[in-house]
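Asker: My structure is below; once you've seen it, I'll send some questions.
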Amino acid sequence: MSFRTSPGTPASPPSPADYVEDVSPGGGVLPPRAWYAASDARSLSLNGRWDFRLSPAADTEDDSFAAEGYEPGGWAEVQVPGHWVMQGHGSPIYTNHLYPFPVDPPRVPAENPTGDHLRRFDLPPDWPADGGTVLRFDGVESCARVWLNGTDLGTFQGSRLPHEFAVGHLLRPDGNVLAVRVHQWSAGSYLEDQDQWWLPGIFRDVTLLHRPPGSALDFFVHASYDHREGLGTLRVDSDVDGRVLVPGLDIDVATGTPVTLPVLPWTAETPRLYDGELVTEGERVPLRIGFRTVELHDGLIKVNGTAVLFKGVNRHEWHPEKGRALDPETMLADVLLMKRHNINAVRTSHYPPHPAFLDLCDTYGLWVVDECDLETHGFTEQAWRDNPADDPRWTPALLDRAARTVERDKNHPSVVLWSLGNEAGTGRGLTAMAEWIRARDTSRLVHYEGDHDCRDTDVYSRMYTDHAEVERIGRHQDGGGLKRRRLPFILCEYGHAMGNGPGGLADYQRLFTSYDRLQGGFVWEWIDHGIADERHGFAYGGDFGEELHDGNFVCDGLLFPDRTPSPGLVEYKKVIEPVRVDGGDSFSPPGGRREAAAGWDGTVRVTNGYDFTDLSHLAFEWSYQVDGRSAGSGPLVVPALAPGETADVKLPAPPVDPRGAGARWTVRAVLADDTVWAPRGHVVAWTQLSVAEPAPPSVTASAPPVPGERVITLGPGTFDARTGALLAVGGVEVTGPRLDVWRAPTDNDNGAHWQSDARHGPLWRALGLHRMRHRPDAVEAGDDSLTVRTRVAPAARDVGLRTVYRWTSDGTRLRLTVSVTPEGRWTLPLPRLGVRLGLAASADRVTWLGGGPGEGYPDTGSACAYGLWESTVDALQTPYVRPQENGARPGVHRAEIGGLRIEGDPAFWFTARRWTTEQLDAAEHRADLLPGDTVWVNLDHGQQGIGSQSCGPGALPRYRLWPAPAEFSFVFSEITD
Ligand code: IPT
């Protein structure tokens, strides 16, 4: 790098292109306006292969590439939309809130990867000669300078916002050249510190839009609904006068003219859209009109007069190969997955999504909190000093972002709240944004979490608040200023879905449904941002040699990166299901063990938990299972209850007598007909009720232990005479079983480094629970039992678990009773408490009678149904992007694997894997897990809850596994049938 000098002045650094570090939003672009995909005016997509050249700094190359006649010899090619770092040029960087460059606003590093893009295009032969043409960029990260046919059009920042240029005067029929220079870092980067991969590039569509004479400019569809009268009022304000046509409602009025008439309202549950058109002299623009009124009334967010309960998720845009360049199929996949999992709301964290996503939300029905492209979280490192959100020099940029968000998306009925941004502190810029938005759009409410006094917001919003505080807020016992006390509450982020978890969702949902003020929340977050990677399976922060990074904190979604639902999503679906079926009990522990109250007469109470729809779209079915097998099923007649209504419905007489076996009713609510988002028969809600638990296994101790030289035999069991360890059950070779308390800490066990509460993962390790020593103290052969006494404890500590294994047999079966007595002063709960045993690698097929089909832990098992399940060892694994404890099936009475039958007394947690817990613990990526020559089986009496401490509260006290005297039994037998 050379320093320019001039006579008499000291050397000064070169000034990078001024616009890159300019706090203003850019220059040369057209004012923001409503976005629409298509009208009858012509358009031309410029997506496709573009010539591409990457330079290491903003000023490495001059701008001669933008001049007429430039030949991009030796350039590479990239796909637009796309990020160059996802296409082999440079690499992604992941940081949570730390800026990956020195904080010196608005300056950015000299190392500023800059991508020059060139696109040649001809106009279609019939491209109209009259009127103008606009060039639209839907998203470029983070700063662009644009030339067409050698003419400098201008610059812009605001990565996830549209920017348009008037280009008609520059176009020619053939040989047009569009040149775009994109800088990874700009002043705008300070406003985009959004806990995601930093991914430069032209990552959304580039389109030429013909603007015929008399074409539409901006327009605002106002469509409200009066729920008392059942009347909608439509008024379309348009910069260009014209007519508004809605054939389905016989509407044909001038723009600006209100018309009131009976309509069906739009809600997320009933997304009724009316097709219409805005007709100006030169253009017909399709309209999709949804009538709905959003208001704050009686301290509640109401839509069409009804308070809504948000069952939401935070959605970042993500694709494991394309980053944030999402194709329409992926957007649709997200919406369908949400609808099928009972999700009714999306917060577009932390920027406006591709506009096509909002079209899908309108069509399929999702409430949207549309968030502005703004976050300055890194300033928290300096106690928010110099925060752009409170610095008037940045206010124009903030207002530009607010305007581009609102103007683009204002015609979507699904958008019910505008969000100012995320984690941007508080300040004058935010207040200015809120004021601007309120003046522009009175039909929606304003959200922002960072302002706990709610000066700028219409809703009190928090993130990761623990259950106890949420309950206080629900009871209006949380204090706060007068304004806040009158506002409804939402958790804009909760249930941090990083790795195994989140735990505690059901406990939150009970609060949301108990207190009116609590209007629900948005789980963090929708999808893991893992990057498909040959080395690792999926890569996360640090895998690209970043100098600063936040590891797998970027993988904290309900979907794995390839959009496979994680157990967290299955749990969330169950927790938020819109129909409740109760059998007189009030609480469901994991493993599908909801028990009917004593003396229950077979009546279930059905409650409609929808906000707007009755139950007529659902069909109800009962089934009766004995030991997990269906013994009968049939339809259940449930009245078409209105929202909030309850009915008692009697189940039929049990079809069979369970005779000592376990018996359960299952009631399902399924779609009665096909919908646009799921077929007929799709399960919306279900409940299981236990009427009889299986009789515990009984083994009459009748066989005596027979001591030999090296081994002791007891019934089918062969034991090591010295250590008392079981070696075989009949012909099945076994390693162990012995006490095991270790689990590979989950992300939620490990917690976040800023958490002030005890973080169990690191404390467990410090105590040495991952390296427990087993000391055999005695092997005692009695008349009808073999007793092995041991002490299990970590080096360097005086705490331990006195453990007695007592074996008995009736000649064919072997019963193990484990008694555990803690010694010393334990200050931590245990990760797990049970036994671990090894089986030959040929063990593959697994069946179990208990909770399934997926995993479940004490505070995550709502979605586990009791049944007779079948799987393989491989399929039992939940492939968290960073390997950790997973795969336990709760409430298991019986499991069969590798020729061994295992019955529990009481029911146990069952886990089987082809690697040890220690190997699971050591692995950093999926690809590190390699099958060994043993299948390791854990049979657990207890498991510590999961919680959400990777960013929120830990497991609630009732889900913690405190060391206490415990006794539990298993019965082992060789499967011979
Ligand atoms: C919160 C952020 O708002 C969100 O973007 C994400 O980073 C989340 O945390 C963690 O995954 S902020 C946190 C400090 C509570």
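The values are calculated or read from the model by the stated rules, or taken from the named source; none is laboratory data. If you're wondering where the values come from, they're calculated on a predicted model, not measured in any experiment. Here Cβ is always computed from backbone atoms with ideal geometry, including for glycine, and neighbour counts include all displayed protein chains. Please note that ligands, DNA and RNA were not included when accessible areas were found on the heavy atoms of the full protein model with its side chains. Shrake-Rupley method; radii C 1.70, N 1.55, O 1.52, S 1.80 Å.
Asker: I need the strands (runs of 3 or more DSSP E) fully contained in region 441-507, keeping only those with at least 2 residues that are among the hydrophobic types (A, V, I, L, M, F, W, C), in the same structural domain as VAL346 (by TED's automatic domain parsing) and at negative phi.
Answerer: 445-447, 489-494
Asker: Can you give me the number of residues within region 684-701 that are open to solvent by 50 Å² or more (accessible area, probe 1.4 Å) and modelled with pLDDT of 95 or more?
Answerer: 1
Asker: Out of all the residues in region 224-237, which are open to solvent by less than 60 Å² (accessible area, probe 1.4 Å) and closer than 21 Å to ALA34 by Cβ?
Answerer: Hits for region 224-237 are SER224, TYR225, GLY232, THR233, LEU234, VAL236, ASP237.
Asker: Continuing with the same structure: List the residue pairs whose Cβ atoms are under 6 Å apart, where the first residue sits in region 449-465 and is closer than 15 Å to GLN519 by Cα and within 14 Å of the ligand (Cβ to nearest atom), the second is of a type in the set (S, T, N, Q) and in a strand (DSSP E or B), and the two are 6 or more positions apart or on different chains.
Answerer: Final answer for the pair search is GLU449/SER461.
Asker: Still on this structure, please answer the following. Kindly indicate whether TYR494 is at pLDDT 95 or above, touching a strand residue (DSSP E or B) at 6+ places or on another chain (Cβ under 6 Å) and within 14 Å of the ligand (Cβ to nearest atom).
Answerer: yes
Asker: Tell me the residue from THR934, THR916 that is free of Cβ contacts under 8 Å to residues at least 60 places away in the same chain, among the hydroxyl-bearing types (Ser, Thr, Tyr) and either outside the structural domain of ASP533 (by TED's automatic domain parsing) or crowded, with 22+ Cβ neighbours inside 10 Å (or both), please.
Answerer: The match here is THR916.
Asker: Going residue by residue through region 923-930, is there one that turns out to be more than 16 Å from the ligand (Cβ to nearest atom), open to solvent by 30 Å² or more (accessible area, probe 1.4 Å), within 22 Å of LEU900 (Cα to Cα) and touching a residue at least 12 places away in the same chain (Cβ under 8 Å)?
Answerer: No, region 923-930 has no match at all.
Asker: Of everything in region 510-552 that's within 16 Å of the ligand (Cβ to nearest atom), aromatic (Phe, Trp, Tyr) and touching a Cys at 6+ places or on another chain (Cβ under 8 Å), which residue is farthest from VAL416 (Cα to Cα)?
Answerer: So, considering only residues that are within 16 Å of the ligand (Cβ to nearest atom), aromatic (Phe, Trp, Tyr) and touching a Cys at 6+ places or on another chain (Cβ under 8 Å), the one farthest from VAL416 (Cα to Cα) is TYR540.
Asker: Every residue in region 634-657 that is in a strand (DSSP E or B) and farther than 23 Å from PHE612 by Cβ, please.
Answerer: Those that are in a strand (DSSP E or B) and farther than 23 Å from PHE612 by Cβ: GLY634, PRO635, LEU636, ASP648, LYS650.
Asker: If you go through region 153-169 one residue at a time, do you hit one that is touching a Cys at 6+ places or on another chain (Cβ under 6 Å) and either among the hydroxyl-bearing types (Ser, Thr, Tyr) or modelled with pLDDT under 95 (or both)?
Answerer: For region 153-169, residues touching a Cys at 6+ places or on another chain (Cβ under 6 Å) and either among the hydroxyl-bearing types (Ser, Thr, Tyr) or modelled with pLDDT under 95 (or both): absent.
Asker: Run down GLY201, GLY139, GLY131, GLY188 and say which single residue is in contact with a strand residue (DSSP E or B) (Cβ under 9 Å, 6 or more places away or on another chain) and at pLDDT below 95.
Answerer: None of the others qualify; the one that does is GLY131.
Asker: Restrict the check to region 396-410 and report whether at least one residue is modelled with pLDDT of 95 or more, in a helix (DSSP H, G or I) and β-branched (Val, Ile, Thr).
Answerer: Yes.
Asker: Going by what's in this entry, would SER142 be described as in contact with a helix residue (DSSP H, G or I) (Cβ under 6 Å, 6 or more places away or on another chain), open to solvent by less than 10 Å² (accessible area, probe 1.4 Å) and of a type outside the set (A, V, I, L, M)?
Answerer: Yes: the conditions hold for SER142.
Asker: Oh, and also: So which of PHE553, PHE512, PHE522 ends up being open to solvent by 20 Å² or more (accessible area, probe 1.4 Å) and hydrophobic (A, V, I, L, M, F, W, C)?
Answerer: Step by step, each of PHE553, PHE512, PHE522 is checked, and only PHE553 is open to solvent by 20 Å² or more (accessible area, probe 1.4 Å) and hydrophobic (A, V, I, L, M, F, W, C).
Asker: So if I check each of VAL313, VAL285, VAL303, which one is touching an Asp or Glu at 6+ places or on another chain (Cβ under 9 Å), within 16 Å of the ligand (Cβ to nearest atom) and either closer than 30 Å to ILE473 by Cβ or not assigned by TED's automatic domain parsing to the domain that holds THR613 (or both)?
Answerer: VAL313
Asker: If LEU245 satisfies every condition in (1) closer than 23 Å to LEU445 by Cα; (2) open to solvent by less than 50 Å² (accessible area, probe 1.4 Å); (3) not charged (D, E, K, R) but one, which is the exception?
Answerer: Of the numbered conditions (1) closer than 23 Å to LEU445 by Cα; (2) open to solvent by less than 50 Å² (accessible area, probe 1.4 Å); (3) not charged (D, E, K, R), the odd one out for LEU245 is (1).
Asker: If we keep just the residues of region 354-365 that are open to solvent by less than 10 Å² (accessible area, probe 1.4 Å) and touching a Leu at 6+ places or on another chain (Cβ under 8 Å), which is nearest to the ligand (Cβ to nearest atom)?
Answerer: Among residues in region 354-365 that are open to solvent by less than 10 Å² (accessible area, probe 1.4 Å) and touching a Leu at 6+ places or on another chain (Cβ under 8 Å), the one nearest to the ligand (Cβ to nearest atom) is PHE357.
Asker: Considering every residue within region 416-436, establish whether at least one is charged (D, E, K, R), within 16 Å of the ligand (Cβ to nearest atom), at positive phi and not assigned by TED's automatic domain parsing to the domain that holds GLU269.
Answerer: yes
Asker: For region 224-239, state whether one or more residues are part of a loop (DSSP other than H, G, I, E, B) and within 16 Å of the ligand (Cβ to nearest atom).
Answerer: no
Asker: Now for a different question. Within region 265-281, can you find the residues that are within 17 Å of PRO643 (Cα to Cα) and of a type in the set (A, V, I, L, M)?
Answerer: Within region 265-281, ALA268 is the sole residue that qualifies.
Asker: Hey, another quick one. Residues of region 258-271 being surrounded by 13 or more Cβ atoms within 10 Å (Cβ to Cβ) and part of a loop (DSSP other than H, G, I, E, B), which ones?
Answerer: VAL263, LEU264, PRO265, THR267, ALA268, GLU269, THR270
Asker: Next up: Which residues, taken from region 29-66, are assigned to a loop (DSSP other than H, G, I, E, B), among the aliphatic types (A, V, I, L, M) and more than 24 Å from TRP185 (Cα to Cα)?
Answerer: ALA34, ALA37, ALA38, ALA41, LEU46
Asker: Identify all residues within region 20-35 that are crowded, with 18+ Cβ neighbours inside 10 Å and modelled with pLDDT under 95; write none if there are none.
Answerer: Hits for region 20-35 are PRO25, GLY26.
Asker: Exactly one of (1) out of contact with any Gly (no Cβ under 6 Å at 6 or more places or on another chain); (2) loosely packed, with under 13 Cβ neighbours inside 10 Å is unmet by GLU68. Its number?
Answerer: (1)
Asker: Let me confirm something: among THR133, THR151, which residue is crowded, with 17+ Cβ neighbours inside 10 Å, away from the ligand (no atom under 16 Å from the Cβ) and among the β-branched types (Val, Ile, Thr)?
Answerer: Every option except THR133 fails the conditions.
Asker: Does TYR99 qualify as being within 16 Å of the ligand (Cβ to nearest atom), assigned to a strand (DSSP E or B) and of a type outside the set (A, V, I, L, M, F, W, C)?
Answerer: no
Asker: If a residue must be away from the ligand (no atom under 15 Å from the Cβ) and in contact with an Asp or Glu (Cβ under 7 Å, 6 or more places away or on another chain), how many such residues does region 366-395 contain?
Answerer: 1
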